[in-house]
Ligand SMILES: [Zn+2]
């Protein structure tokens, strides 16, 4: 993940320990999971425990940019028998730290599917001193305006319905009322605007989302280009018929000068991991044991992970993560300019993961 060194208070690759924090690119995405899973394997070996199944540690690269390279696709397509397993634990979860206590343990059981596309506007090129009504930059701008304000349809699935039902039981009254409203179609309509403005992550969890991220147009300040394009980071709800969705997007844009060009996806569609497995139960039990009074929520990640490839192969995969405060999640989280993780949260996360894995692999 890119680093703008000038934005860091410390060396972004120095693993600097300061003010009770570990600072560095990747502390929360995803070196914390790498270290935690490795430590769990090493501790299991050192403990001499008798296992009743294999414990496989896989460290691979490419998750951020190109899982089709030497990453998860390589392992799944060419070495699956070496990693085939009943369960997988990896990134994609989190825990909420409030006043030193863990109040929520969020377990990633499913995720939205990246379905990126380019919007390409075409028109007649020419001299910049002669305005044209088919100017592709203007058409693209108008299309993005419509896309940017389009409220795509809201849908709940088994995971997100359970998530909001439980979240409502532990949230302050105003928030709880909004989460409960999502569970009924009429009430849900009322809260969409508020969520889009104030809780964008929740808003994204409810729908297939479209986020324009990159623009490409123009060769010179005095030249009308014949083409202009934008990249859309579309994240589809599991089960979304993406061709139908592109069709709806075309209807919203309503401009024949705009073409929607899908970008080949690097993530397969995959079923959600089940909530009735030995592993999910172990995560719930350990959470209750280690974090008294906490609530365990199955969650759909708006981002993607290598679990997509594992789930598509039938491996029940669960996303875990260390405990972070609301401030750290918002300011110092994954892909933020600066990343940091409480030292104490890393140690507790190792203990948490060790306890879960022990429940599953150590012979009873
Ligand atoms: Zn990431």
- Kindly provide the set of residues from the stretch 79-93 that are farther than 21 Å from residue 321 by Cβ and touching a strand residue (DSSP E or B) at 6+ places or on another chain (Cβ under 7 Å), ordered by number. 86
- Note on the structure: Of (1) closer than 17 Å to residue 96 by Cβ; (2) within 16 Å of the ligand (Cβ to nearest atom), residue 309 satisfies every one except (1)
- Message: I'd like to verify a number: residues in the stretch 148-186 that are loosely packed, with under 15 Cβ neighbours inside 10 Å and over 25 Å from residue 296 (Cα atoms), how many?
- Response: 7
- Query: Out of all the residues in the stretch 196-210, which are outside any helix (DSSP H, G or I) and touching a residue at least 60 places away in the same chain (Cβ under 8 Å)?
  - Reply: 208, 209, 210
- Task: Name the residue, out of 263, 283, 234, 242, that is away from the ligand (no atom under 16 Å from the Cβ), under 30 Å from residue 134 (Cβ atoms) and surrounded by 20 or more Cβ atoms within 10 Å (Cβ to Cβ).
- Result: 234
- Item | Number of the exception - residue 42 against (1) more than 16 Å from the ligand (Cβ to nearest atom); (2) over 21 Å from the mean Cα position of the chain (by Cα); (3) part of a loop (DSSP other than H, G, I, E, B) | (3)
- Taking the stretch 121-134, which residues are assigned to a strand (DSSP E or B) and out of contact with any helix residue (DSSP H, G or I) (no Cβ under 8 Å at 6 or more places or on another chain)? 126, 127
- Query: Out of all the residues in the stretch 336-347, which are in a helix (DSSP H, G or I) and either surrounded by 18 or more Cβ atoms within 10 Å (Cβ to Cβ) or at positive phi (or both)?
  - Reply: 345, 346
- Does residue 137 satisfy the condition of being surrounded by fewer than 20 Cβ atoms within 10 Å (Cβ to Cβ) and either in a helix (DSSP H, G or I) or touching a residue at least 12 places away in the same chain (Cβ under 8 Å) (or both)? yes
- Message: Every residue in the stretch 237-263 that is within 19 Å of residue 217 (Cα to Cα) and without any contact (Cβ under 8 Å) to a residue 40 or more places away in the chain, please.
- Response: 256
- Of the numbered conditions (1) over 22 Å from residue 143 (Cα atoms); (2) in contact with a helix residue (DSSP H, G or I) (Cβ under 8 Å, 6 or more places away or on another chain), residue 230 satisfies every one except a single condition; which is it? (1)
- Note on the structure: Among (1) within 19 Å of the chain's Cα centre (by Cα); (2) surrounded by fewer than 18 Cβ atoms within 10 Å (Cβ to Cβ); (3) under 21 Å from residue 196 (Cβ atoms), residue 111 falls short only on (2)
- Query: Any residue in the stretch 14-35 that is touching a residue at least 60 places away in the same chain (Cβ under 8 Å), exposed (fewer than 14 other Cβ atoms within 10 Å of the Cβ) and under 22 Å from residue 272 (Cβ atoms)?
  - Reply: no
- Query: Any residue in the stretch 314-324 that is within 16 Å of the ligand (Cβ to nearest atom), surrounded by fewer than 19 Cβ atoms within 10 Å (Cβ to Cβ) and in the same structural domain as residue 42 (by TED's automatic domain parsing)?
  - Reply: no
- Of all residues making up the stretch 288-313, the number that are surrounded by fewer than 19 Cβ atoms within 10 Å (Cβ to Cβ), in contact with a strand residue (DSSP E or B) (Cβ under 9 Å, 6 or more places away or on another chain) and in a helix (DSSP H, G or I): 2
- Task: Just name the residue that is surrounded by the fewest Cβ atoms within 10 Å (Cβ to Cβ) out of those in the stretch 42-70 that are in contact (Cβ under 8 Å) with a residue 60 or more places away in the chain and farther than 25 Å from residue 354 by Cα.
- Result: 66
- Message: Condition check: touching a helix residue (DSSP H, G or I) at 6+ places or on another chain (Cβ under 6 Å) and under 30 Å from residue 209 (Cα atoms). Does residue 94 satisfy that?
- Response: no
- Item | Exclusive hit being within 16 Å of the ligand (Cβ to nearest atom) and in the same structural domain as residue 350 (by TED's automatic domain parsing), set 100, 92, 14, 48 | 92
- Item | Where a residue in the stretch 334-362 is within 16 Å of the ligand (Cβ to nearest atom) and its partner, wherever it lies, is in a helix (DSSP H, G or I), with Cβ under 7 Å and at least six apart | 337/7; 338/7; 340/328; 341/32
- Task: Among the numbered conditions (1) out of contact with any helix residue (DSSP H, G or I) (no Cβ under 6 Å at 6 or more places or on another chain); (2) within 28 Å of residue 330 (Cβ to Cβ), tell me where residue 105 comes up short.
- Result: (1)
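The values are calculated or read from the model by the stated rules, or taken from the named source; none is laboratory data. The structure displayed is predicted, hence computed values, not measured ones. Note: ideal-geometry Cβ built from the backbone for every residue, glycine included; neighbour counts use all protein chains shown.
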